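The values are calculated or read from the model by the stated rules, or taken from the named source; none is laboratory data. Not measured: the values here are computed from a predicted model. Every residue, glycine among them, receives a Cβ derived from its backbone with ideal geometry; neighbour counts consider all protein chains shown. The protein model used for the area step is the full one, side chains on, heavy atoms only, and it has no ligands, DNA or RNA in it. Shrake-Rupley method; radii C 1.70, N 1.55, O 1.52, S 1.80 Å.
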Amino acid sequence: MTAKAKVVITDYVWESLELEHRTLDALAEIVALKTKKPDEFLHEAADCDALLNTYAGPITAQDMARMPKCRIIARYGIGVDTIDLGAATAAGIIVTNNPTYCIEEVAEHTMALLLACARKVAFYDRMVRSGRWEVPPGKPLFRLVGRTLGLVGFGNIARQVAARAAAFGMRVLFFDPFVKEGSGKTDLEKLLAESDFLSLHPPLTPQTRKMMNDEALAKMKPTAFLINCARGPVVDTDALVRALDAKRIAGCALDTVDPEPLPNPHPLRGRENVILLPHAAWYSEQAMAGLQAGAPGEVRRVLSGEWPVNVVNRDVKGRNRAGL
């Protein structure tokens, strides 16, 4: 009888692992952990055949060297910035993600933050709760029709945001070096200069880390709002504080921040023109179900000798430990 594979779950955020067991029990023994760093899971992962990962990391070349049997690292979410993809490819480890589970949720959340900025919703709510009933403190307000939304990155989520913004009568521009053409495509300089709302949607890479720095923020309109539902480190937090202090932008709405969670106290907290959320854009009951299902399915495919669906490091095909 062939011995079962070993699958280690580094961490997870749901109550039950029934789905994982239903998907993998015929092929593997599952070891479920709730860790934050590799040093906390490598003692179990040293002989694993597959690793299921949510937030624990970063997973480096040195960590992969301590998992000589690992064939696949399957991330429950979309971003893979916590996994060294080059090292994984060199080691022959397939890396997968789950790129479609929360597209609608993040697009809706982005529009919610845009509307909250445009109509000063959070500001007025705080004011009324404190006992004040006045309109003038929130001035100026502008209608969305004819205003310009700039999208940095034009992948699945940004395209859904664009469709929703167009329904509000907004002009939509985007910058994405990997999208060759499309209505509204422009360069970053023009995007920064013309956007009334600038929404960030790029993956976190060495090229996009802190791309919203002093220089970029200085090119925005002083009446513009910055919205980030992507990754916190895309924004240079210190530069953002300086821009807000100098009134170089009108405000911001951040679902993701750097560092995360945001320390208390912090210069971004307590500002009337800043909206802060706890990285909640991805969540809905439907998205949670999709999030949990994707990664175990990819592990099952690899353990069954099938090429997985959402491979991030595609160059590993034909030279990986799974022989696929």
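Side notes on the structure shown:
- Condition check for GLY323: free of Cβ contacts under 8 Å to residues at least 24 places away in the same chain and open to solvent by less than 80 Å² (accessible area, probe 1.4 Å): yes
- Some residue of segment 282-303 being open to solvent by less than 10 Å² (accessible area, probe 1.4 Å) and part of a loop (DSSP other than H, G, I, E, B): no
- Here the condition is being open to solvent by 60 Å² or more (accessible area, probe 1.4 Å), of a type in the set (S, T, N, Q), in a loop (DSSP other than H, G, I, E, B) and modelled with pLDDT of 95 or more; of THR208, THR223, THR256, it holds for THR223 alone.
- Residue tally, condition open to solvent by less than 10 Å² (accessible area, probe 1.4 Å) and either of a type in the set (Val, Ile, Thr) or not in a helix (DSSP H, G or I) (or both), over segment 226-246: 5
- In segment 50-73, the residues that are more than 23 Å from LEU17 (Cβ to Cβ) reach residues that are open to solvent by 10 Å² or more (accessible area, probe 1.4 Å) and part of a loop (DSSP other than H, G, I, E, B) with C-beta atoms within less than 6 angstrom, at least six apart or across chains, in these pairs: PRO58/THR82; THR60/ASP84; ALA61/ASP84; ARG66/ALA46.
- Boolean, PHE178 is open to solvent by less than 60 Å² (accessible area, probe 1.4 Å) and closer than 25 Å to GLY79 by Cα: no
- So GLU44, is it in contact with a strand residue (DSSP E or B) (Cβ under 7 Å, 6 or more places away or on another chain) and open to solvent by 10 Å² or more (accessible area, probe 1.4 Å): yes
- Some residue of segment 262-280 being out of contact with any Pro (no Cβ under 7 Å at 6 or more places or on another chain), at pLDDT below 95 and either in a loop (DSSP other than H, G, I, E, B) or closer than 30 Å to VAL7 by Cβ (or both): yes
- For segment 13-41, taking the residues that are closer than 22 Å to ALA322 by Cβ and either aromatic (Phe, Trp, Tyr) or touching a His at 6+ places or on another chain (Cβ under 7 Å) (or both), the one that is most open to solvent (accessible area, probe 1.4 Å) is identified as ILE30.
- Test: residue in segment 101-115 that is part of a loop (DSSP other than H, G, I, E, B) and either open to solvent by 10 Å² or more (accessible area, probe 1.4 Å) or touching a helix residue (DSSP H, G or I) at 6+ places or on another chain (Cβ under 6 Å) (or both): yes
Residue-wise test of (1) buried (at least 19 other Cβ atoms within 10 Å of the Cβ); (2) within 26 Å of the chain's Cα centre (by Cα).
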position: ARG119; (1), (2): no, yes
position: ARG126; (1), (2): no, no
position: GLU134; (1), (2): no, no
position: GLY138; (1), (2): no, no
position: PHE142; (1), (2): no, no
position: VAL145; (1), (2): no, no
position: VAL152; (1), (2): yes, yes
position: ILE157; (1), (2): yes, yes
position: ALA163; (1), (2): no, yes
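- Residues of segment 141-176 that turn out to be part of a helix (DSSP H, G or I) and on the phi > 0 side of the Ramachandran plot, as a count: 0
- Subset of segment 262-280 that is aliphatic (A, V, I, L, M) and under 19 Å from LYS120 (Cα atoms) - its residue that is nearest to the chain's Cα centre (by Cα): LEU277
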